[in-house]
Every structure is written in structure tokens, then in C-alpha cells.
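Visitor: Pasting in a structure now, in C-alpha cells, and then I'll have a few things to ask.
The values are calculated or read from the model by the stated rules, or taken from the named source; none is laboratory data. Quantities reported herein were computed from a predicted structural model and do not represent experimental measurements. In this analysis, Cβ positions are derived from the backbone assuming ideal geometry, glycine residues included, and neighbour counts consider all displayed protein chains. The accessibility values were calculated without ligands, DNA or RNA, using every heavy atom of the protein model including side chains. Shrake-Rupley method; radii C 1.70, N 1.55, O 1.52, S 1.80 Å.
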Amino acid sequence: MPALDDKLTTPLHYFLRWEQERGDEVMTRQPYGDTWTELTYKEAGVICRKMANAFRTLGLEQGSHIALMSKNCYHWVLSDIAIMMAGCVSVPLYPSLNDKKLASVLEKSDSDAIIVGKLDSWNDKKGGIPESIPVIRFPHYQGNAKIDIGHDWDELVNAHEPIAEVHSPTLDEDWTIIFTSGTTGTPKGVVHTYRSPAAVSRNEELHDTLHFFSTPRTRFFSFLPLNHIAERTAVWCGTLMSGGSIAFAESLDTFAKNLQEVKPTFFFAVPRIWQKFQQKVLAKMPQKKLDRMLSIPFVSGMVKKKIRTNLGLTDARTLITGASMTPEPLKQWYKKIGLTIREAYAMTENMGAFSAYPSGAGKPNTVGKPLPNCECRIDPETSEILMKTPWTMKGYYKDDELTAECIQDGWLHSGDKGVLDDDGYLRIIGRVKDAFKTAKGKFIVPTQIEEQFASNEYIDQICVAGLGIPQPVALVNLSELCQDREKNQLQEALRASLESVNSNLPGHEKLSALVVTKDAWTDQNNLLTPTLKIKRGEINDRYGARMEGWCLDKETVIWEE
């Protein structure tokens, strides 16, 4: 295995290379209705240089922190390049933040300015921006909120000449401050230097784990929040390192159409998205019919191709899932239609790059093997996963104590419990802090139970809870496939799943009830993170007072009223 050498290239230097070598090739594609606005590398370079010069006139010198809050669009990536060209530090933020949370992260990150753009709402955010810092607003995106303060992007670009000299960052300069999604508490500002993305890129160049360098003109489709480390590393930095193109979705309504038009060669999605795709397929072709069609040799190929075409994944060479574990039955379902999804696992603190399924292979119920030049060990007392990578964070912004707690003797403490088998595959068995104790004094690890419900197509989200009650309960959100089903039919299907799972559990883990909650869990009501992971603390806060009643109820399938 080649060791990671010192031939490291920053994201900005990759862009400058492709600007010279592939200047007339398309870098970004943004949909507007039935048309696409395209920018070449050369055109993007001119705009970014002008914006970098505009930063200077707004008083933003080298080292200034510039926040960036917008849904994914081509102005987002242009902003990121311009920030690098000006020698500033990017602070990308979730576009769903409200005014209080926005004010908090702007203060915590010492942001000197903010760029705002494509947002669902604005009035609940603008109060969080101090009057003392400059605001730059993107051109208005139809169907999104109108930003009514700040400097207009196009006016700034038109009023400035390209910056005379682009900043050339060193590897040890601060590149970005990324705030974690906050599944386990207050978001933390993770500081990465330019060495982090440069080392990830070099490792990929040497080992071709994701095929960025061996796939000519890689096409990326970006829709998960670009401020999240996985999307930032795999999709945006992947575009820059490969010299490929990046396209965006216009809206949720046009998502499927946009994806079909782009036909990405690399596609990354979180488990919830893969579940939604599956549900849309099954809504048109129920599982029994699909199984029957796939069993007929001369029909099977046509059915698989049609499904892949409708999903927009006919050209996909690499399909990645991450952020949380994807249920094994779901991955096997995709494999039957000719799509191999590779699990990946990591943290914001190590660039979202630690372990993955080897290409074309993977052991079930694992997150693959550590990437080349990465080390893994399991704490013998707590079973916590400890990691070493060449791209571990510099630390948490202005929090040396928390940094020292997270990184000890060079090992990054993940907070996840796991098992490393004899073949080098890593299996996640839950969060160290997710385990809870029932009233009987027995510990429950919820994820191990939740995974056993994965084959029930009616269940969209599930959370096993029950701190301090006699037996745990399972709270569920139902999938879209339930819309045309009678309640009695759903009741029986859920009861059957509950009985089946309980038959395999020891007594103290058996679920006393399966509770169908009436409200969907979303990031808007703070029950999910922006990357659609469950916030267990928020679930417990919302439903905790009623759990003991559900536990003691005679019914085993309960519908919240």
C-alpha cells in the first residue's frame, strides 16, 4: 500500500489547474425550469476573482471569517472559491438555522461577514445577523425567500475587476470552520486546515477508492447540504479534485427531473433518501409484482434498466451512502435492481473520510474497512471506535478543552461503539451515549433493535426509547406507502413485525409497544438533523412523559392521538 506522500494539492490549486487545462469545459450546471445555466471553469474563475476583490472593498482582509448560508446552488460553490482566492476562512452554515441559532454560530465563529442566498425563509433568520457585519445576497432564486438586506452579488461582480493576485494558501492555513449537525448537543466548530482536503485528495489519487480520478469528466449531483462535511468532501471537493462538473436540483418538486437530466457518474445520499427512492418505486410496482418481474430472465433486465433510468442512475459508477447506517435489507434491495450501494463512515472531525466498502464488495452490516493510511482500534473498556487519519481536524474553534477530550494521544474519539472483525471490517453497534437504562436497571442499545425493523416497508423512521420505564417502546413514522392502506392492514403488518423482532430479543430488550406518532419528524420541528438523522434527545423530550403510559398499555400497536 503506497504511503501518503507530500504531493498535496489544495482545493483552490486544483481549481486553478483545471481553469488552465480545461478552461472551456463546464464546471457548474444550475437548473431554471426547463433550462440550465452553465459556467465553464474559465468563466467561474473570472467571477470568483471579481468577488474576491469585492471582499477587499468591504474590509475583509486575509484571514477574515466569511459565513455562507444557502441551499445548494452554483453561487454557493463560486462563493467558496472566492473565499479561498481572497485568503479568507469559510464558515458554511445550515440554511435551516433560525435567528437565535444563526446569531449563536456567527458569534462563536467570529464571522466578519455573511453571504446569504437560496433560502426557504428569511424573516426567521435576518434578526440573527448583527448590523455590524457586511451581508452579500445572491441573485433571487424563483420560489425561494427574497433577501431584503445587504449587497447584491451581481452588482458587486459588475463593479469590480478580477483580483490582481489570487491568494496561494499553505497547507497549514485555516481553510474552514464547519459546525456539526448537533445530534448530541450544541454544534461545535470544527477547524480544518488546507492540509485536510489536500490529504484526502492525494489519498484518493493514490488509491482510487471512489473512482474520481479514473472516471473521465466525473458528473456530480449536489443536493444534501453543502455545509455538511460528507457533501463538502465527496461532492464539492470531489468535483475540484477530479476536474469534473457539479449540478444542482432546483427544488424538491423538480428533484427527480433534474437528477434524470444530469445522470451523475457519482452519487451520494443518506439512508432516508435511499428509502424515499425505494418507496417511489414500490408505489408504482408493489414488491410482490417486482419480485415476480425480476424472476423472469428476459423481463428482469428491462425492469432493472427502467428503474435505474427513472431514478437517473443509469450512468452511476459509484453510489455511496453515509451519515448514518443504511439498513442491510435496503442495500440488498438495490443490489437486486443492479445498483450496488457502498457504505461509508466518518465524522466532521476527520473530513467525512475514514472507512468504506471496497469497490464492488462489502461485508453485510458493516461500514467497510478503514481507508488506506487510516488506523482504527476499539477501546477495550467502552468499545468506542478510535481513529487516526492524515486529515484529522486542527481542533474545535476556541475550545482547547473539548479538543483535548476528543483527540487523545493522536486518536480521535468517535463517540460510536463498534467491533472490528478479523477481516478488518468495522461494524457500528450504536452511540456510546445512546444506550439507556430501563426501570429494571437493564441497558438498552437502541440501534441494534431498530435495524431489525428495516424490512418493513411501512416504517419510514424508528426510534427505540424508554429511559426509566419498565420496558422500551419503539416510536415510528410511517412511510408514504401507507397512504392507500387501511388502518387495520397497517395495524396487522406492524404487529407482525413487532412480534417477529421481539421473538429474537432477550427479555429485558423486548419492546412493550410500537407507537405510531401523528406528526412527521423533520429538521423543521427539530426532531431530525439537517442530514435527516434522529435527534434522540429531542425525541425523548417530546414524547418522554407519555412513554410509561404506552409501555403499560394493553395494546401493542398504539396510534398517537
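Visitor: If you wrap the range 327-389's Cα atoms in a convex hull and average its projection over all directions, what's the area in nm²?
Guide: Projected area, direction-averaged: 5.0 nm².
Visitor: Taking Rh as the Kirkwood radius computed over C-alpha pairs, what is the Stokes-Einstein D of the range 117-169 at 20 °C in a medium of viscosity 1.002 mPa s, expressed in µm² per second?
Guide: 164 µm²/s
Visitor: Hey, another quick one. What order do Glu450, Glu107, Glu173, Glu561 take when sorted by accessible area (1.4 Å probe), most exposed first?
Guide: Largest to smallest exposure gives the sequence Glu561, Glu107, Glu173, Glu450.
Visitor: Can I ask one more? Show the residues, 5+ positions off or on another chain, whose built amide H is closer than 5 Å to the amide H of Trp175.
Guide: Under 5 Å from the amide H of Trp175 lie the amide H atoms of His192, Thr193, Tyr194, each far enough along the sequence or on another chain.
Visitor: Can you bin every Cα-Cα distance in the range 471-561 into 5 Å intervals starting at zero and give me the percent of pairs per bin, rounded to whole numbers?
Guide: Percent of pairs per bin, in order: 3, 12, 22, 23, 20, 16, 4, 0.
Visitor: Using modelled backbone amide H atoms (1.01 Å from N, in-plane), which distant-in-sequence or interchain residues come within less than 5 Å of Leu528's amide H?
Guide: So Leu528 has HN proximity to Thr522, Asp523, Lys535.
Visitor: Could you tell me which label, among [x] 45, 29, 25; [y] 39, 27, 25; [z] 49, 25, 19, carries the value of semi-axes √(5λ) of the Cα gyration tensor in Å calculated for this structure?
Guide: Correct label is [y].
Visitor: Let me ask you something else. For His140, His160, His192, His508, write out the residues from largest to smallest accessible area, computed with a 1.4 angstrom probe and no ligands counted.
Guide: Putting His140, His160, His192, His508 in descending order of accessible area: His140, His508, His160, His192.
Visitor: Taking a 1.4 Å probe, which of Ile114, Ile47 shows the most accessible area, and what order do the others take after it?
Guide: Ile47, Ile114
Visitor: So who's got an amide H within less than 5 Å of the one on Thr28, skipping anything under 5 residues away but keeping other chains? H placed 1.01 Å off N, in plane.
Guide: Leu39, Ile246
Visitor: Further, regarding this structure: Counting pairs of alpha carbon atoms under 8 Å apart in space and at least six apart in sequence, what relative contact order in percent does the range 1-103 give?
Guide: Once normalised by length, the contact order is 23 percent.
Visitor: Considering every pair of different Cα atoms, what Kirkwood radius, in Å, is found for the range 245-383?
Guide: Here the Kirkwood hydrodynamic radius works out to 16.6 Å.
Visitor: Below 13 angstrom from the Cβ of Asp523, what's the summed charge of the other residues (Lys, Arg +1; Asp, Glu -1)?
Guide: Local net charge: +3.
Visitor: In addition: What number comes out for the charge environment of Thr265, summing +1 per Lys or Arg and -1 per Asp or Glu over other residues with Cβ under 10 Å away?
Guide: With Lys, Arg at +1 and Asp, Glu at -1, the neighbours total +3.
Visitor: Please report the antiparallel percentage of the DSSP beta bridges confined to the range 11-156, to the nearest 5.
Guide: Counting DSSP beta bridges with both partners in the range 11-156, the antiparallel share is about 30 percent.
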